[in-house]
Amino acid sequence: MSLFNAINISATNLEAQTIRLNTVSSNLANANSVSGSEADTYKPLEPLFAPMLNQAQMGMSNEGAGVKVTAVMESNEPANKEYMPGHPLADEEGFIYTPAVDQAQEAAHMMDASQAYKSSVEAINTTKALIMRTLTIGR
């Protein structure tokens, strides 16, 4: 594995964690939104990650190639239903609907994604320093 490959692998994680942070931000921004029907309620988002195996899949190498986001899925959790007959968005039966967003869990996801992002930046910086040191060998 070349040092440049290490940078590329870390870069794939930066991209994946950026998508993860964006989905968490969207979930938190919509956590308190209200709608008049379950169908119109915001559905929390969750990115699906998969390894990028390229040559490793074909048996040519046992080194990985990073990570990718294969999809951003909507949650299947039912919306929270609350009886509020006076609310302007209440349905005919007096119910409003809010997304099934667990704000504490989303905050934990945000901290995890942030730490993974920082770790990848550190890996890139360390690899860059190794490349620079390698270039000075023999001088």
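The table that follows gives values for the structure above.
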| item | result |
| --- | --- |
| Answer residue from the range 25-43, given it is in contact (Cβ under 8 Å) with a residue 60 or more places away in the chain and in contact with an Asp or Glu (Cβ under 7 Å, 6 or more places away or on another chain) and is surrounded by the fewest Cβ atoms within 10 Å (Cβ to Cβ) among those | Ser37 |
| Subset of the range 81-106 (residues that are under 23 Å from Thr23 (Cβ atoms) and in contact (Cβ under 8 Å) with a residue 24 or more places away in the chain) | Tyr97, Thr98, Pro99, Ala100, Val101, Gln103, Glu106 |
| Some residue of the range 54-71 being of a type in the set (Gly, Ala, Ser) and at pLDDT 95 or above | yes |
| All strands (runs of 3 or more DSSP E) inside the range 21-139 with 2 or more residues being of a type in the set (A, V, I, L, M) and within 30 Å of Phe4 (Cα to Cα) | 45-51, 67-74 |
| Selection within the range 66-86 - within 24 Å of Ala116 (Cβ to Cβ) and either exposed (fewer than 12 other Cβ atoms within 10 Å of the Cβ) or polar (S, T, N, Q) (or both) | Thr70, Ala71, Glu74, Ser75 |
| Test: residue in the range 37-47 that is at pLDDT 95 or above, farther than 30 Å from His87 by Cβ and under 13 Å from the mean Cα position of the chain (by Cα) | yes |
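The values are calculated or read from the model by the stated rules, or taken from the named source; none is laboratory data. For clarity, every value in this text was computed on a predicted model and none was experimentally measured. Here Cβ is always computed from backbone atoms with ideal geometry, including for glycine, and neighbour counts include all displayed protein chains.
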